[in-house]
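The structure appears below as structure tokens.
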Amino acid sequence: DVVETQEHYKSRWRSIWIMYLTMFLSSVGFSIVIMSVWPYLQKIDPTADASFLGWIIASYSIGQMVASPLFGLWSNYRPRREPLVVSTTISVAANCLYAYVHLPHSHNKYYMLTARALVGFGAGNVAVVRSYIAGATSLTERTSAMANTSACQAVGFILGPVFQTCFTLIGEEGITWKLIHLQLNMYTAPVLFGALLGVINIVLIFAIFREHRVDDMGRQCKSINSEGEESGGLDQDAEGNVDHVAVVAINFLFFVILFVFAVFETIATPLTMDMYSWTRKEAVFYNGIILSVVGIESVIVFMVVKMLSKKTGERAILHGGLLIVLVGFFILLPWGKKLPNIQWQEIKNNSIPRTTSTEMLMPFWSLEALQLPSNHTVEPVGCPITQSWCLNTPMIYLAQYISSDILIGLGYPVCNVMSYTLYSKILGPKPQGVYMGWLTASGSGARILGPVFVSQIYTHLGPRWAFSLICGVVVVSLLLLEIVYKRLIAFSVRYGRMQE
């Protein structure tokens, strides 16, 4: 074992900061076009409907789910610079493709679908990022580094729509560069900005990023990923088997955490429109404010949890986070006697268009551009009569909804950081690329299945069933956590090399 030099320490943390930036840019790549996908899709391909929009949104997570284990495997055996540069290059190329999806004369929606899937594929590098940070930090540094990584990801999700809003000043027409057939407008400028950030990221990876590895106690070690040292192998501390029961348990818990948050994001707009008779515009505006506040709350929680974990340990905080999420969804259960306003106009006046369940269950950021036909001046509001549960299910009061938002915004980031931290500590000095890839894939799968689940249960059975089932899933997670609690310990602690 080699004592870490000051020069190594500085280089190691410079490289970790480049990984923070990569994580930030990955999440910006997802969120920077979210608000404009629907109007741009309608503009380039009038044949696209709301259900196809759902596939375009999901394609990002599908691409990430496929790519994460592949890039993770690559990073286990080769210098991590390779998968990082290749994945970022794919994202840059995909963003450029998105800027040109208006050019073909037909099937434009499929080009957009391909572009978003490839952006998601490039975002599979988050598995490489997390595996590098896990290997380049000691046990005492790990929680703080993982919290910073998640905070960068959260800030990216928050700032993406802000960048998009700034680019709306360019307008729908914008300017056209005829030589290369490029239209620079409010729809293409964000992705081209994202591509520019990707190029800057690649330059920084070549210029600053270096391979580093330290053991759980912070001592400098050889890295199997370092160029010219592939044959160096791991040091003797890598001897011992990973506790795969603990690994599977964390994967399941992480899936549940991302699943319930995806449900929370998806249900916000339809729930508030049904319960409070908000128009689509009101639902987009108010939920946009609420989710922005939740995002800021999450960043603060990421910072606080770094200090708290030093006193209580990660397992206890994960347990507390799941309990908070459970209370958050339990509060959402309908308890009172007052029924929501019914959208009677639908049956009294057939000329007013019926709001389809697909439209009702689109996330808030994709509803922004939905408009009623020009020959209708009144938008039906309230709980649609097509949802039979509206006639007998009590409404969820606004105070319940706001309280739930605050609690879920508190519990989710806690669970997110603790899952990654515990996972990396359980794996120890073993190459973590593939394992991190599977964890990322679990989260991506949850983000795909969550909206599908809630669209079926909420539409047909109502909020009582939807939120009761979510509470049941979280209770199962808490029981699993109790069962495996003693196994969720660091690799070095498990083999007696360090004390807990």
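Could you state the accessible area per residue of the stretch 1-50 in Å², with a 1.4 Å probe and every protein chain left in place?
43
Considering only DSSP beta bridges whose two residues both sit in the chain, what percent are antiparallel, to the nearest 5?
Just about 75 percent of them are antiparallel.
Looking at the stretch 132-220, which GluC sites (Glu not before Pro) are in a loop (DSSP not H, G, I, E or B) and have at most 11 other Cβ atoms within 10 Å?
For GluC sites (Glu not before Pro) across the stretch 132-220 that sit outside H, G, I, E and B with at most 11 neighbouring Cβ atoms in 10 Å, the list reads GLU173.
Excluding the sites themselves, what is the longest stretch of the chain that contains no chymotrypsin sites (Phe, Trp or Tyr not before Pro) in a DSSP loop with at most 14 other C-beta atoms within 10 Å?
Result, exposed sites excluded: 1-334.
Quick check on the chain: take the gyration tensor over C-alpha atoms, sort the square-rooted eigenvalues as a ≥ b ≥ c, and tell me if it's rounded (a/c under 1.5), prolate or oblate.
Here the chain falls in the oblate category.
Keeping all protein chains in the complex and leaving out DNA, RNA and ligands, what accessible area do you get for CYS166 with a 1.4 Å probe, in Å² to the nearest 10?
Solvent-accessible area, nearest 10 Å²: 80 Å².
When all protein chains stay in place, what accessible area (Å², nearest 10, 1.4 Å probe) is found for VAL417?
0
HIS102 accessible area, nearest 10 Å², 1.4 Å probe?
The value for HIS102 is about 40 Å².
For the pairs LYS306/LYS486; LYS43/LYS281; LYS10/LYS222; LYS10/LYS425; LYS222/LYS486; LYS306/LYS425, note any where the Cα-Cα span goes beyond 25 Å.
Listed pairs above 25 Å: LYS222/LYS486.
Counting C-alpha atoms alone, how compact is the stretch 1-223: give Rg to one decimal and Dmax as a whole number, in angstrom.
Cα-based Rg and Dmax for the stretch 1-223 come out at 19.1, 64 Å.
To test your reading of the geometry: what angle, between 0 and 90 degrees and rounded to tens, separates the Cα axis of helix 433-461 from the longest principal axis of the chain?
That works out to roughly 20 degrees.
Counting helices only, and only those DSSP H runs with n ≥ 4, report the 222 nm mean residue ellipticity of the chain as the sum of -39,500 (n - 2.57) divided by its residues, in deg cm²/dmol to the nearest 500.
-22500 deg cm²/dmol
Can you send over the carbon and sulfur percentage of the accessible area for the chain, probe radius 1.4 Å, protein chains only?
Carbon and sulfur together cover 66 percent of it.
What's the longest uninterrupted piece of the chain once you rule out the trypsin sites (Lys or Arg not before Pro) that are loop residues per DSSP with at most 12 other Cβ within 10 Å?
1-336
Hey, if you put +1 on the Cβ of every Lys and Arg and -1 on every Asp and Glu Cβ in the chain, which of GLN343, PRO83, LEU332 ends up farthest toward the positive end of that dipole?
It is LEU332, whose Cα lies furthest towards the positive end.
For the stretch 422-500, what does the alpha-carbon gyration tensor say about shape, rounded, prolate or oblate, given a ≥ b ≥ c as the root eigenvalues, a/c under 1.5 as rounded, and a/b over b/c as prolate?
Oblate is the answer for the stretch 422-500, as a/c is 1.5 or above yet b/c matches or exceeds a/b.
Once you keep just the Cα pairs under 8 angstrom separated by 6 or more residues, what percentage relative contact order results for the chain?
Taking the mean separation of contacting Cα pairs over the length of the chain, I get 24 percent.
Solvent-accessible area per residue for the stretch 422-493 at a 1.4 Å probe radius, Å²?
Solvent-accessible surface per residue comes out at 37 Å².
Tell me which cysteines of the chain come out unpaired when the rule is another cysteine's Cβ under 4.7 Å.
If one checks each Cβ against the other cysteines of the chain, CYS96, CYS152, CYS166, CYS221, CYS415, CYS471 turn up with nothing under 4.7 Å.
The values are calculated or read from the model by the stated rules, or taken from the named source; none is laboratory data. Predicted model, so just to flag it, every value in this text is computed and none were measured. Don't worry about glycine lacking a Cβ; one is built from the backbone with ideal geometry, like all the others, and counts go over all protein chains shown. Protein only, heavy atoms only, side chains kept; ligands, DNA and RNA dropped before computing areas. Shrake-Rupley method; radii C 1.70, N 1.55, O 1.52, S 1.80 Å.
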